[in-house]
1. Most fluctuating residue of Ile50, Ile75, Ile64 in a GNM of the chain with Cα springs under 10 Å: which is it?
2. Among Gly29, Phe52, Asn18, which residue has its Cα furthest toward the positive end of the charge dipole of the stretch 2-113, with +1 on Lys/Arg Cβ and -1 on Asp/Glu Cβ?
3. Charges only on Cβ, +1 for Lys and Arg, -1 for Asp and Glu: so what's the dipole of the stretch 9-108 about the Cα centre, in debye to the nearest 20?
4. Out of Phe62, Phe41, Phe23, any idea which swings most in a Gaussian network model of the chain, alpha carbons joined below 10 Å?
5. Looking at the chain, do any whole DSSP H helices span at least 24 angstrom along their long axis by alpha carbon and average 0.0 or above on Kyte-Doolittle, and which?
6. Based solely on its DSSP helices, what 222 nm [θ] is calculated for the chain when runs of n ≥ 4 H residues each add -39,500 (n - 2.57) and the sum is averaged over all residues, nearest 500 deg cm²/dmol?
Amino acid sequence: MAVFAAMALGLGSRAFANVLPVFVAEHFGDALWACMIYFGFRTYFAHKKISFALWCSVAFCFAIEGSQLYQAGWINYLRNTTLGALVLGKGFLAADLVRYTAGIAASSLLDLAWPWRKRS
C-alpha cells in the first residue's frame, strides 16, 4: 500500500503543481519517487533490515540520477516516453540527490516509527 500511496502522491504533486506551494511542487515529486523506491525494496526484501532497504534505495536512486549523464540516442528515446521519463528522468540535477535522500530518510523513519510494525 505504501508503494501505491507514494506513487499517487508523487504523481499528484506533478499534476497539481500549479495549486501547491512552490516548495512542495518543486521538491516533493522527487522525494516521493524515492519513497516509492524505498517501500518497493522494503516490500520485496521484507525479511531484511530497514537499513538494507535504505541503502539499496539510495544506491538505486543515485544510479538512476547518474545514468542521466549518459546521453545516447537509444536511452534518450526511452526518456522521451512518459514511462521512460517517470522511471529514468530527463536530465541530471544534483539537487535531486538531496531530494531522494530526504525522501528515503523520511520513509525509513516512518517505517521505524510505524506503531504496529512487526518487530524482528
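Bear in mind that the values in this text are calculations on the coordinates, not laboratory data. Quick caveat, the model's predicted, so the values are computed rather than measured. Cβ coordinates were reconstructed from backbone atoms using ideal geometry, including for glycine residues, and neighbour counts include every protein chain displayed.
1. Of the options given, Ile75 has the highest mean-square fluctuation.
2. Phe52
3. Numbers: 7 positive and 4 negative charges, 51 e Å.
So the magnitude is around 240 debye.
4. Phe23
5. Values: long enough: 22-44 (34 Å, 0.78); 50-67 (25 Å, 1.59); 94-113 (29 Å, 0.96).
Those that pass (Cα extent of 24 Å or more, hydropathy at least 0.0) are 22-44, 50-67, 94-113.
6. On the way: 6 runs with 89 residues, N = 120.
-24000 deg cm²/dmol, from helical runs alone.
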